[in-house]
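Here the structure comes first, spelled out in structure tokens, and everything after it is commentary.
Just so it is clear, none of the values below were taken in a lab; they were calculated from the coordinates. Bear in mind that the values here come from a model prediction, so they are computed numbers and not experimental data. Note that each Cβ is placed from the backbone with ideal geometry, even for glycine, and that neighbours are counted across all protein chains shown.
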Amino acid sequence: MKTVGALLVTVIWVSTVAASDGQALFARHCAGCHYNGGNTVNPAKPLTQIYREANGLRTTADLVAKMRRGGGGMPRFTTKQLPETEAKAIAEHIIRTFD
């Protein structure tokens, strides 16, 4: 029984780590249009810091709000499609990666 409990804890831990991995989530949900931080729909608006900030996307909350509302060719991602923790992980990945 202890083995089953340990396995369950391990599965839950791995699932949590995977769900909060912004890079993997970005690859799954965003890279199709934003490969390497670019923008295939609107090349004038890549994910680099200078362009994000010029478009009012300065914080994690700003990026999550953009994911939620979509627009300009970007689909909207509801909390059912992209839970809050995953949206935040993606936003943090964008901020860390595309400066």
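Applying Stokes-Einstein at 4 °C and 1.567 mPa s to the Kirkwood radius of the range 60-99, computed over alpha-carbon pairs, gives a translational diffusion coefficient of 127 µm² s⁻¹. Given R₀ = 25 Å, what would the calculated FRET efficiency be for residue 41 paired with residue 79, taking r from the Cβ atoms and rounding to 0.05? Result of the calculation: an efficiency of 0.65.
Semi-axes of the equivalent ellipsoid for the range 29-69, computed as √(5λ) from the eigenvalues of its C-alpha gyration tensor and ordered from largest down, come to 16, 13, 8 Å. Here the extension length gained between residue 61 and residue 23 equals 11.9 nm, from 0.36 nm per residue of separation less the Cα-Cα distance. The calculated P(r) of the range 25-99, using every Cα pair and 5 Å bins from 0, goes 4, 17, 30, 32, 15, 2, 0 in percent. Applying the criteria of a DSSP loop state and at most 16 other Cβ atoms within 10 Å to the trypsin sites (Lys or Arg not before Pro) of the range 25-99 yields 58, 76, 80.
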